[in-house]
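**Q** Below: one structure in structure tokens.
Readers should treat all values here as calculations from the given coordinates under stated rules, not as data from a laboratory. Everything numeric here is computed off the predicted structure, so don't read it as measured data. Glycine gets a Cβ as well: all are built from the backbone with ideal geometry, and neighbour counts include every protein chain shown.
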Amino acid sequence: MILAVALLQTCLSAVFIDIALPKRFVTIDTEEKSLGEEITFHPDVNYLQFDVKGQRDAFLQFDFTFLIILGGWGNTKSTLSVGDKILDENHGPVLDHNNYNSFWISWNRSHIYFGQGINSGDNILMFGTSDCFPGVVDIILRSKFRQTVNWIINKADKGIYTK
């Protein structure tokens, strides 16, 4: 909550400069990448489209609360959770070590959707509801179990900005 307030204050006081997308990141086990350290999300952003390349275990965490695990359990299952509670899961491989796969995520104050592809609403893989989805978010990218994961952030609905 404190981080979200700090991000909101940053958003309100910063001079925004649009950044060119796509933006690329690489995570290696024990490292994590905070998108909030490099970019500021527009306070009303609620959609993100990205590509991921890796063998397994790509983690995307919102506001230190909501967690999406892509290709966990040996690339056999993906989960959407809030805290320790799994809201939804998808069985089957979603990651590829040699090629990027496209995903999207959209959310509002009570629902979160996660799907495969480049268009929001297409091929929904997981869905969840909660009383406390983020409004202003920091998104943490990471991997586990000695895995390297490549990420490309392609677009967001309201824009993201450099700090």
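**Q** For each pair in 77/144; 85/144; 23/53; 85/155; 53/144, compute the distance between the two Cα atoms and list the pairs where it is over 18 Å.
**A** Violating the 18 Å Cα-Cα cut-off are 85/144; 85/155.
**Q** Test of understanding: what is the full-extension gain from residue 23 to residue 96, defined as 0.36 nm times their sequence separation minus their Cα-Cα distance?
**A** 24.3 nm
**Q** Still on this model: Using the per-residue mean of other Cβ atoms lying within 10 Å as a proxy for protection, in what order, highest first, do the peptides 68-79, 107-118, 25-36 fall?
**A** So the peptides 68-79, 107-118, 25-36, ranked by packing, come out 68-79, 107-118, 25-36.
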